[in-house]
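Remarks on the structure that follows.
The values are calculated or read from the model by the stated rules, or taken from the named source; none is laboratory data. In this text, all values refer to a predicted model and were calculated from it rather than measured experimentally. Cβ placement follows ideal geometry from the backbone for every residue including glycine, while neighbour counts extend to all protein chains displayed.
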Amino acid sequence: MNVQHYKNIILPMLSESFDAREAENLFKFTLEDFFKKRYFDIKDFDLNDDEIEELNYIYEKISNHYPIQYIFNKAHFYGLDFYVDEHVLIPRPETEELVHLILSENKQELVSVLDIGTGSGCIAISLKKHRPEWSVFAIDVSENALEVAKINALKNHTTIEFFNHDILPNTDFFVDVNLYMETNDAGPLKLDIIVSNPPYIPLKEKEQMSVSTVQFEPHLALFVEDNNPLLFYDKIADFALQHLTPHGKLYLELNEFNANDVKALLETKGFRHVYIKQDLAGKNRMITAQNFLKT
């Protein structure tokens with residue numbers, strides 16, 4: 001059976017779950033990933049029985065909204081390829097904008113960075129890849145996520161120091177600087193930049209989200225209780241006040257619907273120069289703040 005004939009069989013199945021344009025794109029992208037070739041080069045292929053059987057299984061999973069990134073264990077982010085599975089979120093384009101903001105605002109060489117809730121490691125690794133002279137650290141509560149992040153650090157030829165740590169019960173975090181940085185200063189790690197894309201979606205918003213996200217992506221990295229939607233911002237702010245250098249910077253991804261609440265929280269805790277940043281779609285999706293407290 002050739003690809004065009006096979007397409008006529010698969011598209012109706014995909015169209016039961018997706019609109020016509022998305023079904024067409026999913027059909028093409030899946031074949032490209034499967035054969036590691038451009039669709040233009042494979043659109044006239046003849047498929048053997050084994051290929052058809054394997055593709056049928058893949059397209060059935062896709063029709064049930066299973067993310068294609070998890071099927072092929074691959075996601076693109078900020079010009080890099082990342083391994084992903086169900087232990088980590090699929091990197092989003094809006095998070096690329098957060099990385100770009102950090103890189104555009106910080107061009108100095110001697111910078112120490114911590115990524116809180118690193119997941120796949122996409123933020124930390126992208127920063128290190130574009131600023132190899134920076135000292136980049138990352139923490140996550142999930143050991144499975146950290147294993148994925150370590151795979152991605154090797155995959156992208158970057159050296160990141162990863163740690164298993166939960167900031168909710170404990171904002172203390174001690175790392176002996178001398179083990180990881182060229183310095184004569186003994187004591188806990190002090191950071192120039194702290195960045196995080198924390199869980200910020202209230203549970204009540206589940207029904208408004210895509211089926212694939214709710215069913216298959218890790219809830220630990222997505223959702224927060226309805227009665228305390230700023231929980232992670234509150235803890236990250238306390239953590240930052242303990243671990244940022246004087247005038248160190250905090251960068252956070254936002255839920256657009258409570259951006260002003262996060263701004264007020266940071267200002268109440270003593271941060272200065274707190275600015276909400278819009279993404280390319282004009283949504284309030286990032287916030288930056290500077291530590292002005294003595295540390």
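What to note about this one:
- Residue in the stretch 166-205 that is farthest from the chain's Cα centre (by Cα), counting only those that are at pLDDT 85 or above and either of a type in the set (Gly, Ala, Ser) or more than 30 Å from residue 112 (Cβ to Cβ) (or both): 204
- Conditions (1) on the phi > 0 side of the Ramachandran plot; (2) in a strand (DSSP E or B); (3) not hydroxyl-bearing (Ser, Thr, Tyr); number of the one not met by residue 114: (1)
- Residue ID - surrounded by the fewest Cβ atoms within 10 Å (Cβ to Cβ), chosen from residues in the stretch 253-280 that are among the aliphatic types (A, V, I, L, M), within 20 Å of residue 104 (Cα to Cα) and free of Cβ contacts under 8 Å to residues at least 60 places away in the same chain: 276
- Look at the stretch 137-158: where a residue is in a helix (DSSP H, G or I) and a partner is among the acidic types (Asp, Glu), sitting 6+ places away or on another chain with Cβ atoms under 8 Å, you get 146/140; 148/85; 149/140; 155/81.
- Enumeration of residues in the stretch 57-70 that are touching a helix residue (DSSP H, G or I) at 6+ places or on another chain (Cβ under 9 Å) and either free of Cβ contacts under 8 Å to residues at least 24 places away in the same chain or exposed (fewer than 14 other Cβ atoms within 10 Å of the Cβ) (or both): 60, 61, 64
- In the stretch 117-133, the residues that are outside any helix (DSSP H, G or I) and surrounded by 19 or more Cβ atoms within 10 Å (Cβ to Cβ): 117, 118, 119, 120, 121
- Taken together, the criteria place residue 39 among residues that are among the aromatic types (Phe, Trp, Tyr) and more than 25 Å from residue 198 (Cβ to Cβ).
- Considering the stretch 1-60, and only residues there that are part of a loop (DSSP other than H, G, I, E, B) and closer than 23 Å to residue 74 by Cα, the residue that is farthest from the chain's Cα centre (by Cα) turns out to be 43.
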